[in-house]
Structure formats: structure tokens, C-alpha cells
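> Here you go, one structure.
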Amino acid sequence: MNDTVIVTGGAGFIGSNFVLEWISQTGSKVVNLDLLTYAGNHENLLSIEKDPRHVFVKGDIGDRKLIAGLFAEHQPRAILHFAAESHVDRSIEGPEAFVKTNVLGTFALLEEAKAYWNGLTGKDKQDFRFLHVSTDEVYGTLGPDDPAFSETTPYTPNSPYSASKAGSDHLVRAYFHTYGLPVLTTNCSNNYGPYQFPEKLIPLVILNALEGKSLPVYGDGLNVRDWLFVKDHCSAIRTVLEKGKVGETYNVGGSSERKNIEVVHAICDILDEQRPSDKIGSRRSLITYVKDRPGHDRRYAINATKIREELGWQPTQVFEGGIRETVQWYLDNMQWVENVKSGAYQQWIDLNYSERLAK
Ligand code: NAD
Ligand code: DAU
């Protein structure tokens, strides 16, 4: 075994941030397995395209023959599993892909990781890790005064997305308890930052506000999310990989609870300052309250005491700095933006918002 790691979903938002940092900060090789669904973008990885430490493989995590071949060929010391269908609204429109990738795909990876790990011996076997990247949405929803989610909060997923992630978390846990596979799970709150696909709230609002389009806010805009800058999530994953206790789960969050309307206001104000437009005027005037997401979780909040006290991780970025950096990244990368706003993206926007806007 060598220092190589396999990353799944490394052409998506968090995965590509992780792979770019891994290549710039370590000397070791990454085998990046990604199906390049609508959410996967090869352009995120252009800067490491010719780097021999980055091996990109287009393929499905559910393809067991392919996975077995990658383990045999690369003899990795770990697999970091990011690949998933990740958008709640899409899971409401079409849940099947979520069950297929998030549950069955994770199952396939676990089976092949187990077979590979069973064939290892000595230190290689002892050091191997399966790190599963999951979400705080598995814990369900909080009332305004409830304590934040801890690692012992019972699972109560409410959307097809969170139910499929909960299913994958349970499988990962079972492979540790039943077979001894050395797993680690992280449950993280909402990420934001460079390379996020503009179906999610923050990049969607940035791009619509830039163009003077309406800014769709679901329901009353008072749902709360606990925002974490993506680079802090990546550093938490590296910390858990190196120092986490096998079989444990770690909650990751930025202690940055914000109401959705506060997030939208922040983006509007930054853009008014950075890109004032007489034609558009105040971007806040573009805010449009639209029909709510069915089953919309009211509040998420993460208690990150365990990872902080046991592993010494903490976020470096506060929301006000992170959101400025994020807006600036989109302003500086308009070609990336133009390329992702393909026909398929437009079809999703039409499907999700035409009915909502009729509220
Ligand atoms: P994303 O949708 O941006 O990227 C997902 C990536 O997985 C894409 O590159 C896609 O092509 C790939 N993929 C999808 N199905 C695949 C398959 N069957 N085989 C191989 N590759 C496949 O997602 P993201 O926001 O980067 O999230 C990454 C992970 O982090 C997910 O597991 C998600 O549940 C978790 N997570 C996300 C957040 C967040 O705020 N975005 C927060 C906590 C946890
Ligand atoms: O909490 C972690 C989760 O965060 C991840 O597991 C998911 O993969 C990720 O997509 C994210 O889920 P959310 O549903 O919280 O993120 P989204 O950006 O879709 O929405 C954030 C909030 O903004 C949510 O309350 C819904 C609301 N919203 C979203 C969109 C797209 C709007 O008001 N308008 C919108 O147009």
C-alpha cells in the first residue's frame, strides 16, 4: 500500500475543493472517481488537469467491477466518499436517483472496500480508512430553542435526500459493527464557497442578483441554516481522516446560524457595493417570496464540540468574510458560470421555479 487515496464525487462542489487542496498540500496521489452527472464539472479540476498526482476516472460508484479494479490497481490507504445526489428540491421531484446513488452506490463501495480491506495485512490493514461524507439533514429539523444537533441526536430525516443519506450512514455504521471495516463518518452543515452549482441558494441568488432577476425565497424566508465555508469542511475531513477514531461520527459546523432572508440580504448588499447598477437599483427589491419547499426543515444547527475537543479542529472563516469571498469568486469566474448555465441547468430552473413563482 502507498499514500494514494480514492475520492468519489471529486468533480462536484465539495469534492473538487477537497481534491484541489489535497493536491496543493500533500505530495500524494488522488484517484478521482466521478460520474460527471449534471452536478459534476471537469472544469473545476482544470488547474490540476496535467498533474500526474491526479488520476480522473469517469464512472459510477455503483459499478462494482470498476471499483474493484480501482482498489486492485491503486492500493489506496483510504477512500473518501463524497459522491451523492445532493439537492433536496431534486429529491422531491425525482427520488429514485437518490436511492440509487446514495444508498445502493454507497453499498457497492462498502462491499468492494470490505473485499479489498480483507485482503490487506498488518499495518496496511490497520491503517486503511473508509471516510463517509454525510450531512446534518439526517437529524431532521429543530425548533427555535432546541439544542443544536450532536452526534447522539436521533436520526429523523424528512426529505428523500436526507432519508437516502441516513440510509447510507446506517450502512456505513453496520459495516463497522458487523465486519470491522474501519469507517469514519462526518455529518456537516450547509457549505458555501467556490464551485458550488447554482441550483443551491447562495450561488443561485448571486447569479440572479447580478442579472437583475427575481430572488426566490421559499416560504417566509425564516428557515435557518448553519453555514460553513467549504474550505473549513475540507480541513475537517482531513483532520478526521488523520486523527478520527474508527467507527465514530463527527459533526462539522461553523456556528454560523443565519435565516435565509439574512443570507439573501447579505448577498444583495455586497453586490450593490461591488457591482452597483442604476438599472437594477437596490438588489433587495428583487426578493420574491415563493411557494415553500414541501416538508421544508425549519432549522439546522450543529454542535461541533466533539471534533473541536477530541481532534482539535475549528473553522477559520466567519460567515461575513466567507460570503464576501464567495461573491468575489463568482464575479471573478464568469466564464465558469456561463459554462455551467447550460440547457440542462435552464430546464431545472424552469421546472423548479415556474410553479413556485405562481404563489
Ligand atoms: P454535488 O452535487 O456538488 O457533487 C456531487 C458529485 O458526485 C458530482 O460531481 C457528481 O457528478 C458525482 N456523482 C453523483 N452521482 C454519482 C455516481 N453515481 N457515481 C459517481 N459520481 C457521482 O455535491 P456536494 O454539495 O459537493 O456534496 C458532496 C457530499 O457532501 C455529498 O455526499 C453531500 O451529501 C455531502 N454534504 C453536502 C453539503 C452541502 O452543503 N453541499 C453539506 C453536508 C454534506
Ligand atoms: O445541511 C446540509 C445540506 O445543505 C446538504 O446536505 C445538502 O446537500 C445541501 O444542498 C444543503 O441543503 P439545503 O436544502 O439546506 O440547501 P439549499 O441551498 O437548497 O437551500 C438552503 C435554504 O434556502 C433552504 O432553507 C431552502 C432555501 N431556498 C433554497 C433555494 C434553492 C430558498 O429559499 N430559495 C431557493 O431558491
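> Could you compute the FRET efficiency for Leu120 and Lys65, with r as their C-beta to C-beta distance and R0 at 22 Å, rounded to 0.05?
It comes to 0.65.
> Moving to a separate point now. Going through the cross-link list Lys114/Lys243; Lys50/Lys100; Lys165/Lys245; Lys100/Lys259; Lys50/Lys243, which pairs have a Cα-Cα distance over 29 Å in this structure?
Lys50/Lys100; Lys100/Lys259; Lys50/Lys243
> Please list, ordered by chain and number, the residues whose modelled amide H lies under 5 Å from the amide H of Asn158; skip anything fewer than 5 residues away on the same chain.
Hits under the 5 Å cutoff: Gly140, Ala163.
> Just to be sure I understand: if I project the alpha-carbon convex hull of the range 47-92 onto a plane and average over all orientations, what area do I get in nm²?
Its average projected convex-hull area is 4.9 nm².
> For the pair Ala97 and Asp220, how long in nm is the line joining their label points, each one 7 Å along Cα→Cβ?
Inter-label distance under the simple model: 3.3 nm.
> Mind checking which aspartates and glutamates have their C-alpha under 18 Å from Lys279, skipping anything on the same chain fewer than 8 residues away?
Of all the aspartates and glutamates, those that pass the test against Lys279 - Cα under 18 Å, at least 8 places apart if same chain - are Glu211, Asp269.
> Moving to a separate point now. In degrees, nearest 10, range 0 to 90: what is the angle between the Cα axis of helix 260-274 and the longest Cα principal axis of the chain?
70
> With no solvent and one point on each alpha carbon, what is the Debye value of log10 I(q)/I(0) for the range 137-193 at q = 0.16, 0.29 Å⁻¹?
Here log10 of I(q) over I(0) equals -0.58, -1.24.
> Counting other C-beta atoms within 10 Å, and keeping those with at most 10, which DSSP coil trypsin sites (Lys or Arg not before Pro) do you find in the range 274-348?
Lys279
> Tell me the Kirkwood hydrodynamic radius of the range 106-220 in angstroms, computed as one over the mean inverse distance between distinct C-alpha pairs.
Kirkwood radius, the range 106-220: 17.1 Å.
> Additional query: Based on DSSP H runs of at least 4 residues, each adding -39500 (n - 2.57), what is the mean residue ellipticity at 222 nm of the chain after dividing by all its residues, to the nearest 500 deg cm²/dmol?
-13000 deg cm²/dmol
> Can you give the charge dipole size of the chain about its Cα centre, rounded to the nearest 20 debye, using +1 on the beta carbon of Lys and Arg and -1 on the beta carbon of Asp and Glu?
Once rounded to the nearest 20, the dipole reads 340 debye.
> Roughly speaking, what is the stretch gain from Lys58 to Glu355, that is 0.36 nm per residue apart minus the C-alpha to C-alpha distance, in nm to one decimal?
Result for the pair: 103.4 nm of gain on full extension.
> Let me ask something else about it. Which of Leu210, Asn190, Asn32 sits closest to the plus end of the dipole of the chain, meaning its Cα is farthest towards the positive end, when Lys and Arg get +1 and Asp and Glu get -1 on the C-beta?
So the residue we want is Asn32.
> Would you work out which of Tyr250, Val57, Tyr289 lies farthest towards the positive end of the dipole of the chain, given +1 charges on the beta-carbon of Lys and Arg and -1 on that of Asp and Glu, about the Cα centre?
It is Val57, whose Cα lies furthest towards the positive end.
> To test your reading of the geometry: what angle, between 0 and 90 degrees and rounded to tens, separates the Cα axis of helix 160-179 from the longest principal axis of the chain?
Helix 160-179 sits at roughly 20 degrees to that axis.
> Here is a further query. Name the shape class, rounded, prolate or oblate, that the alpha-carbon gyration tensor gives for the range 1-102, where a ≥ b ≥ c are the square roots of its eigenvalues, rounded holds for a/c under 1.5, and otherwise prolate holds if a/b is larger than b/c and oblate otherwise.
oblate
> In Å³ and rounded to a whole number, note down the convex hull volume per residue for the Cα atoms of the range 24-76.
87
> Give me the compactness ratio for the chain, meaning the Cα radius of gyration over 2.2 N^0.38 Å.
Output field value: 0.97.
> Looking at the range 205-295, what % of the alpha carbon pairs are farther apart than 18 Å?
Tail of the P(r) past 18 Å holds 58 percent of the pairs.
> What is the calculated FRET efficiency for Tyr179 to Gln314, with r their C-beta to C-beta distance and R₀ = 35 Å, to the nearest 0.05?
It comes out at approximately 0.60.
> Run the quick spin-label model on Asp146 and Gln346: label points 7 Å from Cα toward the beta carbon, then report their separation in nm to one decimal.
That separation, rounded to one decimal, is 4.1 nm.
> Need the list of aspartates and glutamates near Lys65 for cross-linking: C-alpha distance under 16 angstrom, and skip anything on the same chain fewer than eight residues off.
Asp34, Glu73, Glu111, Glu112
> Can you give the % of DSSP beta bridges in the range 208-347 that are antiparallel, to the nearest 5?
Within the range 208-347, antiparallel bridges account for around 40 percent of the total.
> While we're looking at this one, here's another question. Restricting to bridges with both residues inside the chain, how much of the DSSP beta-bridge set is antiparallel, in percent to the nearest 5?
Percentage antiparallel, nearest 5: 10.
> While we're on this one: From Cα pairs below 8 angstrom and at least 6 apart in sequence, can you work out the relative contact order of the chain, rounded to a whole percent?
17
> Modelling each spin label as a point 7 Å along the Cα-to-Cβ direction, I'd like the Asp127/Ser28 distance in nm, to one decimal.
Each label point is offset 7 Å from its Cα along the Cβ direction, giving 0.7 nm.
> What's the magnitude of the charge dipole for the range 1-95 around its Cα centre, counting Lys and Arg as +1 and Asp and Glu as -1 at the beta-carbon? Answer in Debye, nearest 20.
Taking the Cα centre of the range 1-95 as origin, the dipole is about 320 debye.
> Also, I was wondering about something else. With only Lys, Arg, Asp and Glu charged, each at its Cβ (+1 for the first two, -1 for the last two), find how big the charge dipole of the range 259-345 is about the Cα centre; round to the nearest 20 debye.
Dipole magnitude for the range 259-345 comes out near 400 debye.
> Another question about this same structure. Quick one: length gained pulling Lys50 to Lys279 fully straight, 0.36 nm per residue minus the C-alpha distance?
Fully extending the segment from Lys50 to Lys279 adds 78.1 nm.
> Another one. Multiplying the sequence separation of Leu104 and Asn339 by 0.36 nm and subtracting their Cα-Cα distance, what value in nm do you get?
Value of the extension gain: 81.5 nm.
> Could you state the number of Å between the C-alpha centres of the range 64-100 and the range 204-254?
Using only Cα atoms, the two centres lie 20 Å from each other.
> How many percent of Cα pairs in the range 148-274 exceed 22 Å?
The proportion of pairs with Cα distances above 22 Å equals 47 percent.
> Relative to the longest principal axis of the chain, what angle (0 to 90°, nearest 10) does the C-alpha long axis of helix 13-25 take?
With rounding to tens, the tilt is 60 degrees.
Just so you know, all these numbers are worked out from the coordinates, no wet-lab data involved. As the structure is a computational prediction, the values presented were derived from the model and not from experiment. Here Cβ is always computed from backbone atoms with ideal geometry, including for glycine, and neighbour counts include all displayed protein chains.
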